[in-house]
Amino acid sequence: MRKNYLLLLFLIASLPYLNTLHNDFVYDDKELILKNKVVKEGRLKDIFLTPFWGKEELGLWRPITLLSFRWNYLLGDFSPVSFHLLNIFLHSLTSILVFLFFFKITKDEIISIFSAVIFSLHPVHVEAVSWIVGRSEVLSTLFLLLSFYLLLLKNNLSSLLLPPVFFFLSLLSKETGVVLPLLIIAYYFLFPKRISRKKFLIQLLLFTITFEIYLHLRIKILKGLIGPAGEKEYFYGYPPLTRLLTFPLIFFHYLKLAFFPFRLSVDYTFPPITCITHVFLVLTLLFLLYLAVIFFTFKKKPLISFSLLFFLLSLFPYLHIIPIGWLIGERFLYLPSIGICVLLGILFKEFFNRKGKISLIFLSLLLISFSIRIIVRNRAWQNEEILWKTTARDNPHSIRAWYNLGTSVLKKGNLKESLLYLKKAISLIPSQKRKKFADIYHNLGIVYAKMGKTEEAEEMFKTSLKYNPYLPSTYNNLGNLYFKKGKMKEAIKCYRKSLKLDPHNPVVLKNIARAYLRLSETGKCKEYASKTLSIPSLTLQQRVEILNILAIAEREEGNLSRSYDYLAQALRIDRNNYLTYYNLAVFLEKDGKRKEAIENYLRALNFGGPPSLILKTLGRLYLEEGELEKSEKFFKEALKLNPKDWRIKEWLRKIKERKHNRGIS
């Protein structure tokens, strides 16, 4: 019978999430998976020695989650289907473990299956399951439950040695596995006869040793213990007691989501409590009432007490007592919600005993509504644009939603929409948090630059750097702006500042080489171009661009053979690159080899070179060659692209005169 429960539970947990198989990588998936070299190329050693975000200062180390991403890549490259399938599978396994764990505690199949089914279909879990990066929550919970379950087995070697192992795996999946010892302590005092004192103390010792090993490794790899802190903390810039005063508000917001998971959002915003108010006092009294229920059910109804403690202790890391960077996240409820699901399971058992058929009908309707809510909510995670449009609709005060929506449409080239959304995001930023959102000003600068509004773009880039002077990409983009204005010295200053923050960035090194080339300082141009070529991660496209820069620099110094050698190297790397053919054509034209120049201009045009410029050049060269028909053809094509270009019209007038003089109609 129990095997049937497990199979049924697996199917119930899986089916509502099958429509996520059509979903793409969204939000942090791109940085943590698609752009992550460890996922694509990492050895096992690299995975365990690399911080989660690749940056020590962010304070996250989750090698088991990274290992699962690497495993997905090896199985199916970067196909989102395989990543989503594994998330669904892990969620289904966790749902089964919820059943096994509470059946082990209660010996009551009805409470256990009710609790597990409610957990498997709880809509608040969509963020943890549909979002690929949410896997860290699922993995950590899975290993935590497995550790706890094995600890409850009869006294044997596996029940003694395996729990600390799975506790360690839980910590390596996500830091919130740290709550397991607290849950075990709560269980021991609530159910003192279930675990012998000797076993409890031995396990506590083993868990302490395991945790010390984890902390030692974490500090060694991250060069620190806690993150994010400082500017990355959500309440950074608010009065010192804000986190403590807002604690009850955050707690009850999570409690509301656990009981009423229908108005969901990726981002929640509400004003923090910065001083003692009526709201704070009321919520504090309600929190004390919550604690009172735990206390008064401690002996007579220990399972109720345990379920409430499970929720509170598991939620503790997300209540901002320890600084974190996100106000409220639905994914953070994945583990704590188990406590509420068990509480609901107990209530449904009571209801079932009194009103059998009615209780089953009510539960069925609830679970059907939960399933529908999951299926609908999964659609919000289809792609980046849909996700943030949905979030902005559900929470119009979300800075994160408007910013990410503006950024996603910017990538598609929708400049007017992007401008609108990014301006909306800026209008919502509180003055004390502007430093945290310097990236928004940077992206708005990019929009203005693409629109050709250079003054506005410059102002936005400078504003971004005012709030955060440690953004290498902003310095680089400001440099590009000065480059287009012809202000090479100002451009080089910006590029150098960018390079100081990101010393091995090939794009910035190339930009410095280009700027020095414009200043005819060929020595410095070649110096930075050579530095760029020495970077191992240089792409073939970047290598071709640098070889072209070196070719032009050598040409300006009069080293003709060397300049042609660099272009030959570029062609050996990529025979379909228009830039090399274009520069080769320019060189040949200067050397008086007009026919060879024409051949290479034509190749550059075929491989995507700038048509307006090349068509006009071909028209001029054919005219110089005396081939009037071909010259006229290319000038007419150029005129279609630039109808107001008076020089092309003048060339066509001259061709007409020559044809007339030759008696050609």
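The values are calculated or read from the model by the stated rules, or taken from the named source; none is laboratory data. The structure displayed is predicted, hence computed values, not measured ones. When we count neighbours, we look across all protein chains shown, and the Cβ atoms used for this are built from the backbone with ideal geometry, even at glycine. When the accessible area is computed, the model is the full protein with side chains, heavy atoms only, and any ligands, DNA or RNA have been set aside. Shrake-Rupley method; radii C 1.70, N 1.55, O 1.52, S 1.80 Å.
Details
- For H504, the accessible surface of its heavy atoms amounts to roughly 140 Å² (probe 1.4 Å, protein chains only, rounded to the nearest 10).
- Computed with every protein chain present, the accessible area of I374 is close to 0 Å² [probe 1.4 Å].
- Inter-centroid distance (Cα atoms) of the range 303-376 relative to the range 600-665, Å: 74
- Carbon/sulfur fraction of accessible area - the chain, other protein chains in place, 1.4 Å, %: 62
- Rg/Rg_ref, the range 317-429, where Rg_ref = 2.2 N^0.38 Å and atoms are Cα: 1.51
- The coefficient of translational diffusion for the range 364-511, derived via Stokes-Einstein from the alpha carbon Kirkwood radius under 37 °C and 0.692 mPa s, stands at 195 µm²/s.
- Shape analysis of the range 567-665 places it in the prolate category; the axes a ≥ b ≥ c from the Cα gyration tensor give an a/c of at least 1.5, with a/b above b/c.
- Here the contact order of the range 479-600, divided by its residue count and restricted to Cα pairs under 8 Å and six or more residues apart, works out to 15 percent.
- Over all other residues within a Cβ to Cβ distance under 13 Å of R555, the charged ones net out to -3, with Lys and Arg as +1 and Asp and Glu as -1.
- For the chain, the relative contact order works out to 10 percent when only alpha carbon pairs closer than 8 Å and six or more residues apart are counted.
- Helix axis angle, 63-76 relative to the chain longest principal axis, alpha carbon, degrees: 60
- For the range 548-665: relative contact order, % (alpha-carbon pairs under 8 angstrom, 6 or more apart): 15
- Cα convex hull, the range 535-585: 67 Å³ per residue, rounded to a whole number.
- Directionally averaged shadow of the range 53-152, computed from the convex hull of its alpha-carbon atoms, nm²: 7.5
- 0 to 90° range, to nearest 10: angle between helix 242-259 axis and the chain longest Cα axis: 80
- Evaluated at q = 0.06, 0.09, 0.11 Å⁻¹: base-10 log I(q)/I(0), Debye formula over Cα of the chain: -0.47, -0.88, -1.17
- Taken along its three principal axes, the alpha carbon spread of the range 278-361 comes to 47, 28, 25 Å, from the longest extent down to the shortest.
- The angle separating the long axis of helix 135-151 from the principal Cα axis of greatest extent in the chain is about 30 degrees.
- By the Stokes-Einstein formula, at 0.890 mPa s and 25 °C, the range 315-367 with its Kirkwood radius over alpha-carbon pairs has D equal to 185 µm²/s.
- Per residue, the range 58-177 exposes 27 Å² of solvent-accessible protein surface, assessed with a 1.4 angstrom probe and all protein chains in place.
- At 1.567 mPa s and 4 °C, Stokes diffusion of the range 1-127 via Kirkwood alpha-carbon radius, µm² per second: 79
- According to the calculation over all Cα-Cα pairs in the range 107-187, the P(r) per 5 Å bin from zero is 3, 15, 19, 21, 21, 15, 5, 1 %.
- The range 172-284 pair-distance distribution - Cα-Cα, 5 Å bins, rounded %: 2, 8, 12, 13, 14, 15, 16, 12, 6, 1
- Cα centre as origin, Lys/Arg/Asp/Glu Cβ charges: the chain dipole, Debye: 400
- As a ratio to 2.2 N^0.38 Å, the alpha-carbon radius of gyration computed for the range 95-150 takes the value 1.17.
- Cα pair count fraction exceeding 21 Å, expressed as % - the range 367-454: 37
- Taking all protein chains together and rolling a 1.4 Å probe, E599 ends up with roughly 100 Å² accessible.
- The range 429-579 - Kirkwood radius from inverse mean 1/r over Cα pairs (Å): 16.4
- When only alpha carbons of the range 364-417 are considered, Rg and Dmax amount to 14.1, 48 Å.
- In this simple spin-label approximation, K423 and V279 carry label points 7 Å from Cα along the Cα→Cβ vector, and these lie 3.0 nm apart.
- The average projected area of the range 514-628, computed from the convex hull of its Cα atoms over all directions, is 7.3 nm².
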